[in-house]
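Asker: First, the structure itself, so that you have it in front of you.
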Amino acid sequence: MTGAPDGAAPLRLAVIGVGHLGRHHARVAASLPGVQFVAAVDLIRERAQAAVEGTGAGALTDARDLLGRVDAVTIAVPTGDHLAVARPFLERGVHALVEKPLAATVAEADELIALAGASGAVLAAGHSERFNPAVLAALPVLRHPRFIEVHRLSGFPERSLDIDVIFDVMIHDLDLILAVDRSGVASVEAIGVPVLTPRVDIANARIRFASGCIANLTASRISRDKVRKARFFEPDMYVSIDCGAQELEVWRLRPRPGERPAIEGGPVPVASEEPLHAELRDFVCAIDEHRAPRVDGRAGRDALALATQVANAIQSG
């Protein structure tokens, strides 16, 4: 089910913050069936106007002007403003998808979750990589990985850098490994270097789970190469995800009595889709179906908590 059923009023949705990422939220929101794209909000009026051009939606500079006019919002303002912007909407039961990281601190994330719980609003965290078709196809296959290796490398971004590479980039993969291994984090070791900015621009984290699984993650926003790959190793299986290419490979070891084991597998067909589109569609469906979104506030909070552990390990190292 997507959007309002036949004969029902459409879901009134607005996007708050239409900078580097928010403008794509606006583009997708305007295309969703069963959704009325009400407005884009940005402190820079020209940016809001550009985001709604050709959609019939309004352009606003104050999010408070939306109160009483929307059923749901997506919030893509700077991280430090997430709680302040989301609070009046969640208090009124307006559903919210808040971009990653969910909040500036774990305490603020907890407050967002409490606000949504008190009003009954759906709270989704904007971890779009969890909606990558290759990731969606891989998650049901993975059972008990013993080692996980992730590389997420990109060039220096042409956008505002209000957070370091851990909360900006690595947090996608922290959310992913938490979705794979739910046994709990036992220990964290990390190193990070501020190369081009005063904040950490490249980081490596080694995370041990209670299950014994170890995840080694590298994130960089100063690389000449663009890489978004995750590899999972189990005793009899190897799974490789290329998030950028939306490609998945699964290889298994098949015993053959009296012979050497056979290695079987290869590329797995994946239907390509823009992860942000799938994420917003899931948000709308969660509202319609009165269910939790695939990546809810709790998942966003847990990824933020682990990112904070990584950041603290770097500071104390």
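The values are calculated or read from the model by the stated rules, or taken from the named source; none is laboratory data. Keep in mind the model is a prediction, meaning the values are calculated, not measured. Heads up, the Cβs are rebuilt from the backbone with ideal geometry, glycines too, and the neighbour counts pull from every protein chain shown.
Asker: When you look at GLY58, is it under 21 Å from ARG23 (Cβ atoms) and assigned by TED's automatic domain parsing to the domain that holds ALA210, yes or no? Even if it seems obvious, please write down each step before you answer.
Answerer: Numbers: under 21 Å from ARG23 (Cβ atoms): yes; assigned by TED's automatic domain parsing to the domain that holds ALA210: no.
Considered against the rule, which asks whether it is under 21 Å from ARG23 (Cβ atoms) and assigned by TED's automatic domain parsing to the domain that holds ALA210, GLY58 comes out as no.
Asker: Being surrounded by 15 or more Cβ atoms within 10 Å (Cβ to Cβ) and outside the structural domain of MET237 (by TED's automatic domain parsing) is true for just one of VAL150, VAL135, VAL122. Which residue is that? So that I can check it myself, show each step before the final result.
Answerer: On the way: VAL150 fails: outside the structural domain of MET237 (by TED's automatic domain parsing); VAL135 fails: outside the structural domain of MET237 (by TED's automatic domain parsing).
Only one candidate passes the filter, namely VAL122.
Asker: Out of ALA124, ALA134, ALA104, report the one residue that is modelled with pLDDT of 95 or more, out of contact with any Asp or Glu (no Cβ under 8 Å at 6 or more places or on another chain) and not aromatic (Phe, Trp, Tyr). Give the steps one after another, and end with the answer.
Answerer: Values: ALA124 fails: out of contact with any Asp or Glu (no Cβ under 8 Å at 6 or more places or on another chain); ALA134 fails: out of contact with any Asp or Glu (no Cβ under 8 Å at 6 or more places or on another chain).
Result of the check over ALA124, ALA134, ALA104: ALA104.
Asker: Quick one: ARG182 ticks every box in (1) within 20 Å of THR105 (Cα to Cα); (2) free of Cβ contacts under 8 Å to residues at least 24 places away in the same chain except a single one, so which number is it?
Answerer: All conditions pass for ARG182, except number (1).
Asker: Continuing with this model, one more query. Among what's in the stretch 245-270 and is out of contact with any strand residue (DSSP E or B) (no Cβ under 7 Å at 6 or more places or on another chain) and modelled with pLDDT under 95, pick the residue that is nearest to VAL135 (Cα to Cα). Walk me through it before giving the result.
Answerer: Filtering the stretch 245-270 down to residues out of contact with any strand residue (DSSP E or B) (no Cβ under 7 Å at 6 or more places or on another chain) leaves 245-246, 257-260, 269.
Subsequent filtering for residues that are modelled with pLDDT under 95 retains 257-260.
Details: PRO257: 34, GLY258: 36, GLU259: 34, ARG260: 31 Å.
Out of the qualifying residues, it is ARG260.
Asker: Of everything in the stretch 46-74, what is outside any helix (DSSP H, G or I), surrounded by fewer than 21 Cβ atoms within 10 Å (Cβ to Cβ) and among the small types (Gly, Ala, Ser)? Give them in sequence order.
Answerer: GLY54, GLY56, GLY58, ALA59, GLY68
Asker: Also: For the stretch 170-195, give me the residue count where each residue is in a strand (DSSP E or B), more than 28 Å from ALA76 (Cβ to Cβ) and small (Gly, Ala, Ser).
Answerer: Matching residues across the stretch 170-195 total 2.
Asker: Which residues, taken from the stretch 76-91, are surrounded by fewer than 16 Cβ atoms within 10 Å (Cβ to Cβ) and either β-branched (Val, Ile, Thr) or farther than 18 Å from ALA39 by Cα (or both)?
Answerer: Of all residues in the stretch 76-91, those surrounded by fewer than 16 Cβ atoms within 10 Å (Cβ to Cβ) come to 78, 80, 84, 87-88, 91.
Selection gives PRO78, GLY80, ALA84, ARG87, GLU91.
Asker: Being in contact with a strand residue (DSSP E or B) (Cβ under 6 Å, 6 or more places away or on another chain) and of a type in the set (A, V, I, L, M) is the filter; apply it to the stretch 285-298 and report the residue that is surrounded by the fewest Cβ atoms within 10 Å (Cβ to Cβ).
Answerer: Only one residue fits best here, namely ILE287.
Asker: Condition first: modelled with pLDDT under 95 and basic (Lys, Arg). Now tell me which residues in the stretch 168-200 satisfy that.
Answerer: ARG199
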